[in-house]
Amino acid sequence: MPRLFRSRARDTAMTQTAAFFRVEGTLTERTALAAAAWLASNAQGLGERFARLGNVAIAAPFRLAGELQTGAAATRMTWMGLRGMSEDRLVLLCEEYFEKYVKDDVLEVGAELVKQAKKQGRRVVLISDNVDLLIAPLAEQLGADDVVCNRLEMRKHKATGRLEDPVIGGNVAGQWARAFAAEHGIDLGDSWAYGASAADSLLLSAIGQPCVVNPDRQLRRLAKDHDWPVVEK
């Protein structure tokens, strides 16, 4: 089961429902690859910047390849370029990135769906292949109850370039949702899931009420085949 980066206390004595949101595509248009590239490009030295960007660039073709995008391999490669960066600098850069590119650019349709879920009393769960330093402020802004995302491995206050296990890749299977539901007393049959790409199809299939948001071509076709509702921005 993926790591729960952040979880607000809830009374799980009674069965409750949840709304699972894939961050990339439903709440923001910016990808984890874009975030990693920006962080790498802001390394302190010019030579260091080029080296780090080169490492991040290696991940790009794998993400476009499709098959690896559905697993954790491309996600691991995405963050390799941050190896050796200090934890303090990464914290500052992630705060700056959020202020510049995320805080005021949350997709209106996604933000409205989150508001609806909270109004209906559903537990809001954000899912992202981004890292916790970038997703935590978004979760705070939206008032999410839980976040499932990646963590950078740190040694002696420096990033190793690796992610802590388990790694959240492009494709989030439904098995962790069932484990999450069992642990937190959630009725998946009456819960909702929101996704934007074909990689989200397994998650959507595991939840009783799937909904696609600004879908890519593959997911739009799947939505049509399965009669899933489609929400556009």
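Annotations for the structure displayed:
- Label-point separation, K156 to E87 (7 Å along Cα→Cβ), nm: 1.4 nm
- Couplings 3J(HN,Hα) for the stretch 139-149, derived from phi with the Karplus relation 6.51 cos²θ - 1.76 cosθ + 1.60 (θ = phi - 60°), are 4, 5, 4, 8, x, 5, 8, 9, 10, 10, 7 Hz, where x marks Gly and Pro.
- Sites Q175 and D227, calculated FRET efficiency, Cβ-Cβ separation with R0 25 Å, nearest 0.05: 0.55
- Under-5 Å amide H pairs with R123, H placed in peptide plane, nonlocal only: T17, A18, A19
- Close amide H contacts of E153 (hydrogens built in the peptide plane, cut-off under 5 Å, sequence separation of 5 or more or a different chain): T160, G161, R162, L163, E164.
- Per residue, the stretch 110-183 exposes 41 Å² of solvent-accessible protein surface, assessed with a 1.4 angstrom probe and all protein chains in place.
- The convex hull drawn around the Cα atoms of the stretch 75-180, when projected onto a plane and averaged over every direction, covers 7.4 nm².
- Within the accessible area of the stretch 135-233 (1.4 Å probe), percent carbon and sulfur: 47 percent
- Where both bridge residues fall in the stretch 91-233, DSSP classifies roughly 25% of the beta bridges as antiparallel.
- Reciprocal of mean inverse Cα separation for the stretch 110-233 (Kirkwood radius, Å): 15.6 Å
- With Cα atoms as the point set, the radius of gyration and Dmax of the stretch 112-169 evaluate to 13.8, 44 Å.
- Among the listed pairs K158/K233; K103/K158; K103/K224; K115/K156; K100/K224, those whose Cα-Cα separation exceeds 31 Å are K158/K233; K103/K224; K115/K156; K100/K224.
- Its relative contact order, with pairs defined as Cα atoms under 8 Å and 6+ residues apart, puts the stretch 86-233 at 17 percent.
- Efficiency of FRET between D165 and S41 - r from beta-carbon atoms, R0 22 angstrom, step 0.05: 0.20
The values are calculated or read from the model by the stated rules, or taken from the named source; none is laboratory data. Quick caveat, the model's predicted, so the values are computed rather than measured. When we count neighbours, we look across all protein chains shown, and the Cβ atoms used for this are built from the backbone with ideal geometry, even at glycine. Heads up: the accessible areas ignore ligands, DNA and RNA and are worked out on the full protein's heavy atoms, side chains in. Shrake-Rupley method; radii C 1.70, N 1.55, O 1.52, S 1.80 Å.
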